[in-house]
Amino acid sequence: MRTETPPLIRLEDYRPSAFLIDRVDLDIRLDPHAARITAELALRPNPEGDADAPLHLDGDDLTLVAIDLDGAGVAPGDLTVEPSGLTLRNPPRRPFVLRLVTQVDPTANTKLMGLYRTDGVYCTQCEADGFRRITYFLDRPDVMSVYTTRIEANREEAPVLLGNGNPVEAGPVGEDRHYAVWHDPHPKPAYLFAIVGGRLGKVETTFRTMEGRDVTCAVYVEPGREDRAGYALDAVIRSMEWDERAFGRAYDLDVFNVVAVSAFNMGAMENKGLNIFNDKYVLAVPDTATDADYAAIEAIIAHEYFHNWSGNRVTCRDWFQLCLKEGLTVFRDQEFSSDMRSRPVHRIGEVRSLRARQFPEDAGPLKHPVRPNAYAEINNFYTATVYDKGAEIVRMLRTLIGGAAFRAGMDRYFADNDGTAATVEDFLAAFATVTGRDLSAFARWYERPGTPKLSASGRYDPAARTYTLRLAQILTVEGPPLVIPVALGLVGAKGPMTDVTCAAVTDGVFILDRDEAELVFENVAEEPVPSLLRDFSAPVRLDLSLTDEQRLRLLARDSDPFNRWQAAQDVAMRLILDPDPARAEAFAEALGTFLDGEALADPAFAALVLALPTEGEAADSLPSDVDPDAIHQARRDLRARLGRALRPRLERIDASLSSGKEAYSPDAASAGRRALRNAALDLIAAGDPQAGAALATQRLDAATNMTDRLAALATIAQIPGEAREAALTAFGERYAQEPLVLDKWFAIQATIAEPETLDRIARLKAHPAFSMTNPNRVRALVGSFSMANPTQFARADGAGFALVADVVKALDSTNPQVAARLLTAFGSWRRLEKNRRVAAAEMLNRIKAVPGLSRDVADILGRTLK
Ligand code: 0A1
Ligand code: ZN
């Protein structure tokens with residue numbers, strides 16, 4: 001059993017390892033219950049480390065079968081073996097070879113960390129600290145080694161054997177077994193190690209790098225599903241091309257393999273040359289995958305591939321530096337997707353997800369700096385803050401120094417740190433070197449938790465033809481100011497005012513590096529509306545009071561698509577928080593004009609303008625006493641009103657976008673048309689549920705792809721009645737053999753905003769396709785409920801909290817990582833109104849009372865309750 005609050009590991013306590021491991025030779029004999037791992041570790045004392053330290057190797061859930069040192073036994077008095085690892089009290093102070101034989105049970109490994117089996121396929125997950133569940137090791141990212149891996153298995157059970165690096169040799173072993181040897185010439189930390197063994201089908205192609213290397217790229221999937229792997233393979237090739245073009249980065253091995261597995265704790269993993277994926281982010285055909293799925297596959301394939309440089313060639317010195325690889329790689333995958341799709345539409349999507357996940361995290365008990373300075377369980381720090389706010393910091397850096405200097409800085413970073421385990425300081429140093437600038441004030445973004453507020457107010461002087469803008473930054477924790485790039489412009493009655501000048505603004509950007517500043521714009525011919533934080537130039541909350549009329553001018557006239565969208569969001573948000581029929585009518589009219597003018601010119605953008613702020617966003621904008629029912633009702637009323645007011649236009653849009661019989665294509669333009677048509681359907685249904693249900697039923701029957709089918713089902717699902725139950729039943733039967741589609745079906749039902757949803761979830765937990773051991777299933781049913789059904793999760797009677805708490809308790813002993821992540825749904829509990837707050841606290845305390853909680857859950861719980 002663990003202590004109540006798990007002990008903290010601190011950044012300030014970082015010390016280099018006392019030993020290094022230059023070479024690792026592994027021999028892995030796969031077996032369902034008794035896999036044997038022989039590891040030969042070529043160790044030597046680290047000249048930078050403590051010369052007198054014992055040798056401690058991390059271990060977790062291992063059976064030690066044998067150990068010898070330079071071919072001789074280890075004296076029992078010299079060796080201590082504990083659950084957390086083994087210690088050699090008097091290790092040699094010269095290079096030596098330690099040989100270890102361990103045994104593990106891949107089938108019993110429900111944590112999905114280390115070596116495990118899913119649907120009969122052996123695979124591994126080693127980030128952050130899973131390698132220690134395979135053999136005893138210096139399991140820390142600053143210990144980098146060259147690996148050679150021999151894998152042996154039953155030929156029937158595992159005809160495909162994959163490892164890191166390049167294949168070296170393969171052959172039979174006796175009657176029914178075989179082996180393969182893989183060698184990875186690039187030194188890497190243990191968290192990037194991987195093997196796969198199983199019965200797998202593949203699609204493959206070749207890519208010639210700009211350096212002239214021919215790379216065989218393959219995507220491995222469950223046999224029979226090869227036709228669903230083509231889009232992922234294509235995304236691999238596009239990622240390789242793009243990284244050469246955009247960052248000058250070429251691939252560095254002869255093979256690049258992607259393997260899809262069905263049970264995986266996260267999205268995917270960038271193991272060197274052998275990326276392992278949650279199959280949700282690989283498999284796609286139009287009948288089972290939505291446009292959003294295709295976009296996510298493209299983005300995650302790119303993300304993992306880009307890690308080959310930002311993460312693998314240059315890795316992290318310690319886990320506090322996680323944002324060094326994750327924030328940077330998210331930034332890179334965002335840029336890739338923006339180039340593949342519509343940049344403004346993609347940017348809006350990035351910001352929506354930042355606000356949905358990162359802003360609440362940064363405002364609640366789980367908030368932490370982008371580079372944390374202490375952690376109890378590192379697996380709990382793969383957060384929206386590290387990933388998404390981390391990416392925003394890189395984006396701000398580019399805005400601050402400009403695109404050309406940014407690229408030069410990236411080149412410098414890769415050149416200076418290739419083959420090493422680096423820090424955030426190393427990253428910033430590269431940019432400081434190429435620009436000659438002092439970036440120490442900018443670096444505060446990595447240290448300071450909380451979302452800053454940017455407050456703005458303006459004054460127009462018609463006589464002087466000047467406009468004075470006052471900007472101030474308000475931080476959530478005290479300290480020196482942040483460096484905030486504010487992209488801005490002024491908008492007149494006819495559009496952007498291009499004749500105005502302001503000495504403090506360069507290329508449309510003002511850098512706010514003081515607590516406050518006053519900007520004076522000259523030659524301002526009429527009273528302007530300020531357009532601030534264009535393209536969301538910094539991850540802050542903007543506090544600028546404008547009238548609806550002024551905001552609607554931005555929607556109609558601003559040149560910045562992001563702020564046009566933001567203006568509509570702001571008007572809608574005010575109407576949700578403070579309903580007003582007259583203002584709602586004016587808003588509807590403005591939306592009507594917008595739709596008439598350009599809905600069909602950029603349908604994807606129009607669909608985003610029609611998507612009102614979510615209930616979660618509305619809750620996040622309130623300081624306390626959040627009542628999810630009131631928010632839900634207000635948002636529903638507003639949508640109903642808009643749906644009625646815009647009905648003829650929505651029907652026209654629907655009609656003009658109804659696709660003929662052309663084949664489905666996942667490209668962004670086609671997806672945009674589907675998005676707008678489905679947004680129109682949903683808004684029609686909001687205004688007239690009866691007509692909406694009928695129309696959605698028709699759409700469901702006529703749909704030729706999963707995007708349209710699921711959108712129609714989602715619309716019907718929120719309208720009580722027989723049509724809904726019939727549609728849900730038919731969909732469930734149609735896709736009974738498709739786990740990833742059933743996940744969508746689970747999620748749609750879990751997010752019905754009605755009290756009966758709890759019974760529905762209880763029934764679905766007993767559905768044959770549901771399983772507590774598959775993370776995708778759990779996230780689909782329970783994760784969607786807790787994250788996207790605020791009225792039912794946060795019910796005043798506590799039943800929604802209890803449902804999630806029970807799953808957390810049940811899952812904790814088998815898969816603590818997934819249990820802990822589910823528990824983060826309670827992150828905003830203190831901001832709820834009193835009854836709900838009391839109910840949440842009671843459930844959290846019930847979890848706390850469970851003896852022997854995992855470190856993962858105890859850590860989240862401790863911080864959530866603090
Ligand atoms: N590095 C991966 C994320 C990842 C982290 C931990 C994992 O353990 C289960 C798996 C994956 C990424 O950024 O994609
Ligand atoms: Zn990543």
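Since every read-out is calculated from the coordinates, none of them should be taken as a lab result. Keep in mind the model is a prediction, meaning the values are calculated, not measured. Cβ placement follows ideal geometry from the backbone for every residue including glycine, while neighbour counts extend to all protein chains displayed.
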**OP:** Find the centroid of the Cα atoms in the stretch 78-156 and in the stretch 353-428, then give the distance between the two in whole Å.
**Re:** 29 Å
Original post:
At 222 nm, what helix-only mean residue ellipticity would the chain give, in deg cm²/dmol to the nearest 500, using -39500 (n - 2.57) for each DSSP H run of four or more?
Top reply: -12000 deg cm²/dmol
Subject >> Other-chain or far-sequence residues with amide H under 5 Å of residue 186's (modelled H) >> reply: none
**OP:** For residue 614, enumerate residues with amide H under 5 Å from its amide H, sequence gap 5+ or separate chain, H modeled in the peptide plane.
**Re:** none
**OP:** Arrange 708, 548 by Cβ neighbour counts within 10 Å, fewest through most, would you?
**Re:** 548, 708
Original post:
Any idea what the relative contact order of the chain is, in percent, if you count C-alpha pairs under 8 Å spaced at least 6 apart?
Top reply: 9 percent
Original post:
In percent, how large is the relative contact order of the stretch 403-503, given Cα pairs closer than 8 Å and 6 or more residues apart?
Top reply: 19 percent
Original post:
For the stretch 520-676, what does the alpha-carbon gyration tensor say about shape, rounded, prolate or oblate, given a ≥ b ≥ c as the root eigenvalues, a/c under 1.5 as rounded, and a/b over b/c as prolate?
Top reply: oblate
Original post:
So for the pair residue 216, residue 84, with labels modelled 7 Å out along Cα→Cβ, what separation do we get in nm?
Top reply: 4.5 nm
**OP:** Positive end of the charge dipole of the chain (Lys, Arg +1 and Asp, Glu -1 on Cβ, about the Cα centre): tell me which of 235, 849, 128 has its Cα farthest that way.
**Re:** 849
**OP:** Please find the FRET efficiency linking residue 107 to residue 762, where r is the Cβ-Cβ separation and R0 is fixed at 30 Å, and quote it to the nearest 0.05.
**Re:** 0.55
Subject >> Cα centroid of the stretch 1-71 to Cα centroid of the stretch 764-833, whole Å >> reply: 35 Å
Original post:
Among 695, 577, what is the fewest-to-most ranking by other Cβ atoms within 10 Å?
Top reply: 577, 695
Original post:
What residues have an amide H closer than 5 Å to that of residue 144, excluding those fewer than 5 places away on the same chain, when H is modeled at 1.01 Å from N in the peptide plane?
Top reply: 21
Original post:
What is the extension gain from residue 411 to residue 630, computed as 0.36 nm multiplied by their sequence separation minus the C-alpha to C-alpha distance, in nm to one decimal?
Top reply: 73.7 nm
Subject >> Protection-proxy order for peptides 21-31, 678-688, 46-56, each taking the mean of Cβ atoms within 10 Å per residue, highest first >> reply: 678-688, 21-31, 46-56
Subject >> Rg/Rh (Cα only; Kirkwood hydrodynamic radius) as it applies to the stretch 78-153 >> reply: 0.99
Subject >> Gyration tensor verdict on the chain (Cα atoms; rounded if a/c is under 1.5, prolate if a/b is larger than b/c, oblate otherwise) >> reply: prolate
Original post:
In straight Cα distance, which aspartates and glutamates are under 12 Å from residue 494, not counting same-chain residues fewer than 8 positions off?
Top reply: 526, 527, 558
Original post:
Could the peptides 304-310, 739-745, 642-648 be put in order, highest first, of the mean number of other beta-carbon atoms found within 10 Å of their residues?
Top reply: 304-310, 739-745, 642-648
Original post:
Which of 111/389; 367/834; 188/325; 744/809; 280/453 have a Cα-Cα distance over 26 Å?
Top reply: 111/389; 280/453
Original post:
Shape of the stretch 27-71 from its Cα gyration tensor (a ≥ b ≥ c, root eigenvalues): rounded if a/c is under 1.5, otherwise prolate when a/b > b/c, or oblate?
Top reply: prolate
Original post:
Can you put 264, 826, 594 in order, fewest other beta carbons within 10 Å first?
Top reply: 594, 264, 826
Subject >> Per-peptide average of other Cβ atoms within 10 Å, ordering 516-523, 74-81, 555-562 highest first >> reply: 555-562, 516-523, 74-81
Original post:
Karplus couplings for the stretch 79-87 from phi (6.51 cos²θ - 1.76 cosθ + 1.60, θ = phi - 60°), rounded to Hz, Gly and Pro as x?
Top reply: 10, 10, 10, 10, x, 8, x, 10, 10
Subject >> Whole-Hz couplings from phi, Karplus 6.51/-1.76/1.60, listed for the stretch 146-163; x for Gly and Pro >> reply: 8, 9, 10, 10, 9, 10, 10, 7, 5, 5, 5, 6, 9, x, 9, 10, 10, x
Subject >> Degrees, to the nearest 10: 424-435 long Cα axis against longest axis of the chain >> reply: 60 degrees
Original post:
In whole Hz, what ³J(HN,Hα) sequence does the stretch 334-341 give by Karplus (6.51, -1.76, 1.60; θ = phi - 60°), x for Gly and Pro?
Top reply: 5, 5, 4, 4, 5, 6, 7, 10
